[in-house]
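The structure appears right after this line, and notes come after that.
The values are calculated or read from the model by the stated rules, or taken from the named source; none is laboratory data. Since this is a predicted model, take the numbers as computed values, not measurements. Every residue, glycine among them, receives a Cβ derived from its backbone with ideal geometry; neighbour counts consider all protein chains shown. With ligands, DNA and RNA removed, areas are computed over all heavy atoms of the protein, side chains included. Shrake-Rupley method; radii C 1.70, N 1.55, O 1.52, S 1.80 Å.
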Amino acid sequence: MIAAGLVIVAAVVVLMVREERRLRQADERARRSHRAAATVHGWRIIDDEWVPAQPDTVRRSMRGPGGSRAWMLARRRIDGVDVWVVCQEGMGLGAEVHYSLVVHLRPMRRAKDLPAVRVVPRSPTVGVVLRGRDLFDRRYRIASRESTRARTLVTEEVRAQTIELDLEGWQLEDRILTVLFAGLRDPGTLEDRLGGLIRLAKQVAGSPPRPG
């Protein structure tokens with residue numbers, strides 16, 4: 001009986017090992033496919049996160065919050081704006097994998113002195129109290145240690161672009177605009193949003209146009 005039990009246990013272990021190997025291979029095929037899709041859209045895959053020109057903001061997001069981890073970093077320059085996309089994945093409840101993209105945008109010509117700003121979604125219950133306000137103020141609040149300068153930075157154009165992109169919010173730190181997209185896996189899925197993100201980055205962090 002003991003021998004039979006050991007045989008069953010060994011068979012189960014073999015099956016588990018095979019299934020784990022199959023899942024790893026399937027995941028690797030999916031990653032190769034997403035990398036290929038990114039390069040088709042003009043993204044350069046960066047395998048070394050410690051590239052000298054890499055901003056600290058990008059490096060920090062490569063480490064990921066909580067149990068998430070970055071599995072791909074892509075870079076592209078579009079209309080005078082450097083864009084880095086950090087592809088993250090993490091385990092949720094029920095061993096479900098959650099994907100997200102952290103997009104960092106840095107205009108090549110950017111303002112020299114900018115406050116750190118976060119535009120974050122309001123609690124749904126607060127929206128009732130703010131019913132008389134405009135749509136931006138009903139959906140978002142501006143958080144900054146320099147509140148006066150932050151509110152000056154968030155112009156009507158910035159408000160309109162944030163709403164048009166239907167963002168969950170954004171952050172400006174070290175003159176880099178950062179936006180999180182939950183549920184997206186590779187940079188190729190951003191194509192329809194890139195134009196608006198580029199405009200928002202220039203509105204928030206770009207240097208003012210030269211007179212004349």
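For the range 77-85, indicate whether the set of residues that are without any contact (Cβ under 8 Å) to a residue 60 or more places away in the chain and open to solvent by 50 Å² or more (accessible area, probe 1.4 Å) is non-empty.
Taking the range 77-85 as the starting set, the residues that turn out to be without any contact (Cβ under 8 Å) to a residue 60 or more places away in the chain are 77, 82, 84.
With the extra rule that they be open to solvent by 50 Å² or more (accessible area, probe 1.4 Å), the set shrinks to 77.
Looking for residues that are without any contact (Cβ under 8 Å) to a residue 60 or more places away in the chain and open to solvent by 50 Å² or more (accessible area, probe 1.4 Å), one finds at least one in the range 77-85, hence yes.
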Inset, instruction - Report the residue count in the range 145-163 for those that are of a type outside the set (A, V, I, L, M) and in contact with a Phe, Trp or Tyr (Cβ under 7 Å, 6 or more places away or on another chain). - result: 2
Inset, instruction - Give the residue that is nearest to residue 207 (Cα to Cα), with candidates limited to residues of the range 105-122 that are in a strand (DSSP E or B) and open to solvent by less than 20 Å² (accessible area, probe 1.4 Å). - result: 107
Inset, instruction - Give just the number: which of (1) in contact with a helix residue (DSSP H, G or I) (Cβ under 8 Å, 6 or more places away or on another chain); (2) closer than 27 Å to residue 73 by Cα; (3) of a type in the set (S, T, N, Q) does residue 155 not satisfy? - result: (2)
Legend entry - Tally of residues being crowded, with 20+ Cβ neighbours inside 10 Å and farther than 18 Å from residue 84 by Cβ across the range 162-183: 1
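Sort out which residues of the range 124-152 are part of a loop (DSSP other than H, G, I, E, B), loosely packed, with under 13 Cβ neighbours inside 10 Å and modelled with pLDDT of 80 or more, and write them in order of number. Give the steps one after another, and end with the answer.
The initial filter retains those residues of the range 124-152 that are part of a loop (DSSP other than H, G, I, E, B), namely 124-125, 130-134, 144-146.
Among the residues that remain, those that are also loosely packed, with under 13 Cβ neighbours inside 10 Å are: 124-125, 131-134, 145.
Listed by number, the residues that qualify are 134, 145.
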Legend entry - Any hit, the range 47-67, residues being at pLDDT below 65, surrounded by 15 or more Cβ atoms within 10 Å (Cβ to Cβ) and either assigned to a strand (DSSP E or B) or not hydrophobic (A, V, I, L, M, F, W, C) (or both): no
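Answer with yes or no whether residue 33 is modelled with pLDDT of 70 or more, under 15 Å from the mean Cα position of the chain (by Cα) and not in a strand (DSSP E or B).
no
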Inset, instruction - With respect to residue 203, determine if the residue is within 28 Å of residue 53 (Cβ to Cβ), surrounded by 17 or more Cβ atoms within 10 Å (Cβ to Cβ), more than 15 Å from the chain's Cα centre (by Cα) and not hydroxyl-bearing (Ser, Thr, Tyr). - result: yes
Inset, instruction - Take residue 18 and decide whether it is modelled with pLDDT of 80 or more and of a type in the set (Lys, Arg). - result: no
